[in-house]
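Taking it in order: structure first as structure tokens, then the write-up.
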Amino acid sequence: MGQALRLATEMVAGVAVGGFIGWALDRLFGTAPFLMVAFLFLGAAAGIMNVVRTAKAMQGEPMPGQHLRNATDDDED
């Protein structure tokens with residue numbers, strides 16, 4: 001239950017932070033609502049990436065670009 005709450009919080013936080021940044025930039029530049037919508041999408045993408053990364057780490061799967069070391073590598077010293 002705690003892990004599911006953590007994943008949901010990461011997703012919501014990404015969207016909220018993206019929305020806030022977009023809203024602030026819209027107020028600053030007077031471009032409402034274009035930057036808010038763009039940053040909402042960027043925040044959602046960041047939230048999804050964080051959830052996928054955290055879920056893979058919880059399952060013990062290697063991240064993209066990471067390779068598992070072979071158990072025999074330690075014996076070569």
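Can you tell me which residue is modelled with the highest pLDDT among those in the range 48-60 that are open to solvent by less than 70 Å² (accessible area, probe 1.4 Å) and among the polar types (S, T, N, Q)?
This residue is 50.
Test residue 32 against the stated conditions and say whether it is outside any helix (DSSP H, G or I), out of contact with any strand residue (DSSP E or B) (no Cβ under 7 Å at 6 or more places or on another chain), open to solvent by 50 Å² or more (accessible area, probe 1.4 Å) and without any contact (Cβ under 8 Å) to a residue 40 or more places away in the chain.
yes
Among the numbered criteria (1) at pLDDT 95 or above; (2) open to solvent by less than 100 Å² (accessible area, probe 1.4 Å), which one does residue 42 miss?
Every listed condition holds for residue 42 apart from (2).
For every residue, the table says whether it meets (1) at pLDDT below 85; (2) open to solvent by less than 100 Å² (accessible area, probe 1.4 Å); (3) in contact with an Asp or Glu (Cβ under 6 Å, 6 or more places away or on another chain); (4) polar (S, T, N, Q).
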residue: 2; (1), (2), (3), (4): yes, yes, no, no
residue: 9; (1), (2), (3), (4): no, yes, no, yes
residue: 17; (1), (2), (3), (4): no, yes, no, no
residue: 46; (1), (2), (3), (4): no, yes, no, no
residue: 62; (1), (2), (3), (4): yes, yes, no, no
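Looking only at the range 11-63, how many residues end up being touching a Pro at 6+ places or on another chain (Cβ under 7 Å) and among the aliphatic types (A, V, I, L, M)?
The first filter runs over the range 11-63 and keeps only residues touching a Pro at 6+ places or on another chain (Cβ under 7 Å), leaving 26.
With the extra rule that they be among the aliphatic types (A, V, I, L, M), the set shrinks to none.
Total meeting the criteria: 0.
The values are calculated or read from the model by the stated rules, or taken from the named source; none is laboratory data. Please read these numbers as outputs of a predicted model, since none were measured by experiment. Quick reminder, even Gly has a Cβ in these numbers, built from the backbone with ideal geometry, and neighbours come from all protein chains shown. Each accessible area value is taken on the protein alone, full model and side chains, heavy atoms only, with ligands, DNA and RNA left out. Shrake-Rupley method; radii C 1.70, N 1.55, O 1.52, S 1.80 Å.
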